[in-house]
1. Counting each DSSP H run of 4 or more residues in the chain as -39500 (n - 2.57), what helix-only mean residue ellipticity at 222 nm follows after dividing by all residues, to the nearest 500 deg cm²/dmol?
2. Could you compute the FRET efficiency for residue 3 and residue 253, with r as their C-beta to C-beta distance and R0 at 35 Å, rounded to 0.05?
3. Round to the nearest 0.05 the FRET efficiency obtained for residue 217 and residue 264 when R0 = 30 Å and r is the Cβ-Cβ distance.
4. As a test of understanding, state the convex hull volume per residue of the stretch 63-184 from its alpha carbons, in Å³.
5. Please give the direction-averaged projected area of the C-alpha convex hull for the stretch 220-275, in square nanometres with one decimal.
6. Could you please state, rounded to a whole Å, how far the C-alpha centre of the stretch 104-147 is from the C-alpha centre of the stretch 7-85?
7. If you take every DSSP beta bridge whose two residues both sit in the stretch 158-303, what share of them, in percent to the nearest 5, is antiparallel?
8. Taking 0.36 nm per intervening residue step and subtracting the Cα-Cα distance, what contour gain separates residue 154 from residue 296 on full extension?
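Nothing in this text is a laboratory measurement; each read-out follows from the coordinates by a stated rule. Note that the coordinates shown come from a computational prediction; the quantities given were computed from them, not determined experimentally. Neighbour counts are summed over all protein chains in view; Cβ atoms, including those assigned to glycine, are modelled from backbone coordinates with ideal geometry.
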Amino acid sequence: MIFPPKLKPGDTIGLVAPASPVPSDAIDKCVLLLQNMGYRVKEGANCRKVYHGYLAGTDQERARDMNDMFADEEVKAIFCLRGGNGSVRIMDMLDYQMIKQNPKIFVGYSDITNLLVAFNKLCGFITYHGPMVYSNMLEHYDPYTKACFEAVLNMEEAYTFQNPEGRNIRTLVPGTARGQLTGGNLSLLINMLGTDWAPDFHNKILFIEDIYENIPNIDRMICQMKCLGIFDQIAGLIIGDFSECENEYDSGFLIDEYINSQFADMKVPVIYNVGVGHCYPTGSLIMGCDCQLDADRGEIKLFS
């Protein structure tokens, strides 16, 4: 798996909105924020558009911005403004052959999971499950989020992930495993099953997270993965943040209890309460990279 060239001060970052829109005045602030960090910024031509209320431009416009950023030799990294909805609508419009020939740092999460996984599988380079400019950096770029993101961006040979202070990684099934890291937002992973860019889960370390899903919905998605044999294929499981995931039917059976009920009998290492996802602060992971999961120690180690 290819690691794109590292980002240096003075490099150009491309800003894209492959999914939902961002207010124009907020984009101004995002551009200024990155400039104040010491980078040049090139904004996607269609970032400020709104289509049907929930999309940042038409499918063709959003796909064109993505293709243009990868084709632009000046752009060294591509940061997503936000997730939301709609990335799936552009997946068949991306020039994967061209993108494969121009590997770049690509950052996002949530609805951007489609793109993170697709670039791993179809283009052969790693991607960053990390903070987005509008969703995180503008108002929630706390010291931990910043330090963790910069650490993975600048990783040399290896990086050991650390949870935010005061939040402990919990071991559900002990053991160690090593494999390529894949996954992302659970809802997006379910929706991509059967597509060309869905992960091959065999011998992978699977990471999942989600937000605003009630326990019955999470249960439906997890059971679908179980029925497909996905949890029998993986080498290990990392369960990230499940923000605002409630159970209106039983307040005593929430996400921790659900995780224990579903995964305690797994035959591979499982850890949970990992501070990556729709949480503040949030950590960053490198999707597609070699990953060692040590559930005995509650440790995630990434390798270049």
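1. Taking each H run of at least 4 residues, the total per residue is -8000 deg cm²/dmol.
2. My answer for the efficiency is 0.25.
3. Taking R0 as 30 Å, the efficiency between residue 217 and residue 264 is 0.90.
4. Per residue, the Cα convex hull of the stretch 63-184 comes to 144 Å³.
5. 4.2
6. Centre-to-centre (Cα) distance: 13 Å.
7. Bridges in the stretch 158-303 are about 55 percent antiparallel.
8. That pair, residue 154 and residue 296, stretches by 48.4 nm at full extension.
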